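Take a look at the structure below.
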Amino acid sequence: MKFPASPGPIGVFDSGYGGLTILKEIRKSLPQYDYLYLGDNARAPYGTRSFDVVYQFTRQAVESLFARGCHLVILACNTASAKALRSIQQKDLPSWDISRRVLGVIIPTVEALGSISKNGNIGVLGTPGTISSGTYDIEIAKFFPQFRTVSVACPMWVPLVENREYDSPGADYFVEKYVEELFSEEPETDTVVLGCTHYPLLIDKIRRQVGERAAVVTQGELVAASLADYLKRHPEIDSVCTKGGTCEFMTTENPDKFTELAEIFLNIPLRADHVDL
Ligand code: DGL
């Protein structure tokens, strides 16, 4: 075995800051576990990168989290879940260590739609990579064959977040642009899925633009509930996740830069370490 065998924290990975929206909710419902967050901010955004590049970057990140003692890693990134999860599960885990686990954020989100949508018209907003992968359309059709899905890529939203422009008037323009693109394609949409973990940072603007037309679904609580259920059903994984209530952060960018926004967002003082992948 090439990774430490002793129990370790739960790894949470994203291309940048977006995974913090997932981590925040996971820590709320499962505060007893230790967490190790990794943001590949230096190489974000992933959303416009090719399939193979997203796979290679995500693979490096997962390997790095395993090498730091994680037995379970959550890909808190839709782009990585859409483009890399399956390959890592099928190709890499068997050669690395078959007992380790990697989970994504798309299935827990899709599973919840059945109890949210009333008319079955789902709108998915995501990165160009997530949308062009067709993963949401495929998974929604599998779980709810009677539903109709319209997907719109929002290439400017992640850069707005990574560049801290999510509160700026410029962000309003791009929020209106993509939300209206969705409703012009399907005016009957009653459920809008924010299929990117960065998008909750734009939630106020998105909710205002969507208005009464549809419910806006974010992923944090859904992923947290699904993880809690997973750990209950898999005591062999739960037993190798340490429970000290700590949370550590790593970034491929400058740690001070990462900390500034992460602290505002999580509302806790934190320290981040630099890591090279
Ligand atoms: N948070 C990632 C996601 O959920 C953003 C991807 C990106 O870096 O473009 O898709």
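Translational diffusion coefficient of the stretch 17-80 at 20 °C, 1.002 mPa s, Stokes-Einstein with Kirkwood Rh over Cα pairs, in µm²/s as a whole number.
Details: Rh = 12.6 Å.
The diffusion coefficient I find is 169 µm²/s.
With all distinct Cα pairs included, what does the Kirkwood hydrodynamic radius of the stretch 40-127 come out to in Å, to one decimal, could you say? The partial results should precede the final answer.
Values: mean 1/r = 0.0704 Å⁻¹.
The Cα-based Kirkwood calculation yields 14.2 Å.
Rounded to the nearest 0.05, what FRET efficiency is calculated for GLN89 and GLU165 with R0 set to 25 Å and r the Cβ-Cβ distance? Numbers along the way, then the final one.
Values: r = 35 Å, r/R0 = 1.40.
My answer for the efficiency is 0.10.
What is the pair-distance distribution P(r) of the chain, computed from all Cα-Cα distances in 5 Å bins starting at 0, with each bin given as a whole percent?
Reading upward from the zero bin: 1, 6, 13, 18, 20, 17, 13, 8, 4, 1, 0.
Using Cα atoms only, what is the angle between the long axis of helix 220-233 and the major principal axis of the chain, expressed in degrees (0 to 90) to the nearest 10?
40 degrees
Taking the Cα atoms only, what angle lies between the long axis of helix 20-29 and the longest principal axis of the chain, rounded to 10 degrees?
Orientation of helix 20-29: about 70 degrees from the principal axis.
Please order MET250, MET156 by the number of other Cβ within 10 Å, starting at the fewest. Display every interim value, and only then the final one.
Numbers: MET250 22, MET156 16.
If I rank by nearby Cβ atoms, fewest first, I get MET156, MET250.
Within a 10 angstrom radius of the beta carbon, how do LYS83, LYS232 rank from fewest other beta carbons to most?
Values: LYS83 28, LYS232 9.
With the sparsest Cβ surroundings first, the list reads LYS232, LYS83.
Could you list ARG148, ARG100 in order of exposure, starting from the residue whose Cβ has the fewest other Cβ atoms within 10 Å?
Values: ARG148 17, ARG100 21.
Listing ARG148, ARG100 from fewest to most nearby Cβ atoms yields ARG148, ARG100.
Net charge near GLN56, counting Lys/Arg +1 and Asp/Glu -1 over other residues with Cβ under 14 Å of its Cβ? Please list the in-between numbers first.
Values: positive: ARG43, ARG49, ARG59, LYS83, LYS91; negative: ASP40, ASP52, GLU63, ASP92.
Value of the local net charge: +1.
For the stretch 4-65, what does the relative contact order come out to in percent, with C-alpha contacts under 8 Å and a separation of six or more?
Numbers: 53 pairs, mean separation 24.8, N = 62.
Averaging sequence separation for qualifying contacts and normalising by length gives 40 percent for the stretch 4-65.
Once you have a ≥ b ≥ c as the square roots of the Cα gyration tensor eigenvalues for the stretch 165-220, tell me rounded if a/c is under 1.5, and otherwise prolate or oblate according to whether a/b is larger than b/c. Don't skip to the answer; put the middle values down first.
Working: a/c = 1.94, a/b = 1.26, b/c = 1.55.
Because a/c hits 1.5 or more and a/b fails to exceed b/c, the stretch 165-220 counts as oblate.
Within 12 Å, Cβ to Cβ, of TYR166, how many net charges do the neighbouring residues add up to if Lys/Arg are +1 and Asp/Glu are -1? Can you show the working numbers first?
On the way: positive: ARG164, LYS205; negative: GLU162, GLU165, ASP167, ASP172, ASP204.
Overall, the nearby charge balance is -3.
Check cross-link reach from LYS91 to the lysines: straight Cα distance under 18 Å, and skip same-chain residues fewer than eight apart.
LYS2, LYS83
Averaged over all directions, how much area does the convex hull of the C-alpha atoms of the stretch 154-253 cover when projected, in nm²? Walk me through the intermediate numbers first.
Values: hull surface 35.9 nm².
Directional mean of the projected Cα hull area for the stretch 154-253 stands at 9.0 nm².
For SER6 and GLN56, what is the calculated FRET efficiency with R₀ set at 25 Å and r taken between the beta-carbons, to the nearest 0.05?
Values: r = 28 Å, r/R0 = 1.13.
For SER6 and GLN56, the calculated efficiency is 0.35.
Please give me the summed charge of the neighbours of PRO31: other residues whose Cβ is under 12 Å from its Cβ, Lys and Arg +1, Asp and Glu -1. It would help to have the intermediate numbers written out before the result.
Numbers: positive: LYS24, ARG27, LYS28, LYS243; negative: GLU25, ASP34.
Computed value for this residue: +2.
On C-alpha positions alone, give me the angle between the axis of helix 255-266 and the longest principal axis of the chain, in degrees, nearest 10.
60 degrees
Computed from the coordinates by the stated procedures, all read-outs in this text should not be read as laboratory data. Because the structure is a prediction, the values reported are computed rather than measured. Note that each Cβ is placed from the backbone with ideal geometry, even for glycine, and that neighbours are counted across all protein chains shown.
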